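Structure first, commentary second.
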Amino acid sequence: MKNGFAIFFAAFVVLGGSWCAFVLAPELQLGGAKQTSVLNSSEVYPIQRSGDATLGLQIYRANGCAACHTEQVQQDDVGCDMMLTSVGKNTNAVHEAYQSYFNTILREHLVGPRVVDSIDRIATNRGPWPGKLPVRILAPVDKFFADLEADKIAAAGGKIEIQIVALGPDIARGWGLRHSVAEDFLYDYPVQPGSLRAGPDLAGVGAWMPDLNSQLMHLYAPRSVVKDSVMPPFRFLFEIKKIGDAPSPDALNLRKEFAPPAGYEVVPKPEAKELAAYLLSLHADVPLYDAPFTSLSASTNAPANKP
């Protein structure tokens, strides 16, 4: 009993310190977060959501969508895309430099697993000798190899543009262009990054499914949009109505097998529109200082960042 107070005090300190470190500190950090600058731009990110999208976040929460979807794109690495933008006056010299590059790497730089991995990428992704410019010629490689190729092409009279791309399975699936960061959740309350992927990650769904009607159809009849979807239909967010003098402008354009009986139409309730607005607002697709990539708008017109 003499040591009872000391044991209690020690337990209090340990538990209190853990709570401060894992609960209070993150809450204070997120609460003090501010908009940040978009890389190589005067714009700020993120932008406050519309009223409908903000209400839609609460509908997303109320219906347990975070139980099957994440909003956190993962990233394994960063690589460089090589864009040939000009061959100059000596096309043959640039052509020879392009063709000899892969053999040069094999002969002079084949050391270490990271190098082998980059060479595998080159062997898999190196495109044919280009005709129309600009064109991607290597994608993606480490910056060391990108600089080697840029030097070779420049010495031959051509011009190379190096673009930064994020790498990883989530990126390859088309779920995003970079990994998720704290700024992506600045205007979310509650923050729902999720932990299970019964369905795809939704951090960038507003970019890869930008059509409102497609979003609403997916909510009403998921398999009308994704053939083998396991998502349950959210038909309680819609109303089946008899068509009046004219069809409603909000009526869903459903295929026959998902459409209601003749003379009826499916019209979204306000809750469905708000949930769709929230999904369309998920655009974690701008380059930031802590999550860089080369933006399409800042690059040549080739789709270097599209998985």
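Where a number appears in this text, it was derived from the coordinates with a stated rule and is not lab data. Every value quoted in this text rests on a predicted model; they were computed, and no experiment measured them. Virtual Cβ from ideal backbone geometry, glycine too; neighbours counted across all protein chains shown.
Observations on the model:
- Convex hull projection area averaged over all views, the range 35-79, Cα basis, nm²: 5.2
- Burial ordering of VAL94, VAL78, VAL165, fewest other beta-carbon atoms within 10 Å first: VAL78, VAL165, VAL94
- Sequence ranges 86-92, 245-251, ranked by mean other-Cβ count within 10 angstrom, highest first: 86-92, 245-251
- Placing R0 at 25 angstrom, the Cβ-Cβ distance between HIS95 and ALA207 gives a FRET efficiency of 0.10 after rounding to 0.05.
- Two-site label geometry, GLN58 and TYR264: point separation in nm, points 7 Å out along Cα→Cβ: 3.1
- Contour excess over end-to-end distance, with Cα ends at SER195 and VAL226 and 0.36 nm allotted per residue: 9.0 nm
- By the beta-carbon count within 10 Å of each Cβ, the least crowded to most crowded order of MET209, MET83, fewest first, is MET209, MET83.
- Cα-Cα over 21 Å, subset of LYS89/LYS159; LYS34/LYS143; LYS242/LYS269; LYS227/LYS273: LYS34/LYS143; LYS227/LYS273
- Applying both filters, DSSP loop and at most 14 other Cβ atoms within 10 Å, to the trypsin sites (Lys or Arg not before Pro) of the range 174-225 gives ARG197.
- Spin-label model distance (nm) - ARG173 vs VAL14, 7 Å beyond Cα toward Cβ: 3.9
- Estimated inter-spin distance, ALA246 and VAL44, nm [label 7 Å along Cα→Cβ]: 4.3
- Cleavage-rule hits, trypsin sites (Lys or Arg not before Pro), the range 231-282, DSSP coil, Cβ neighbours within 10 Å at most 14: ARG255
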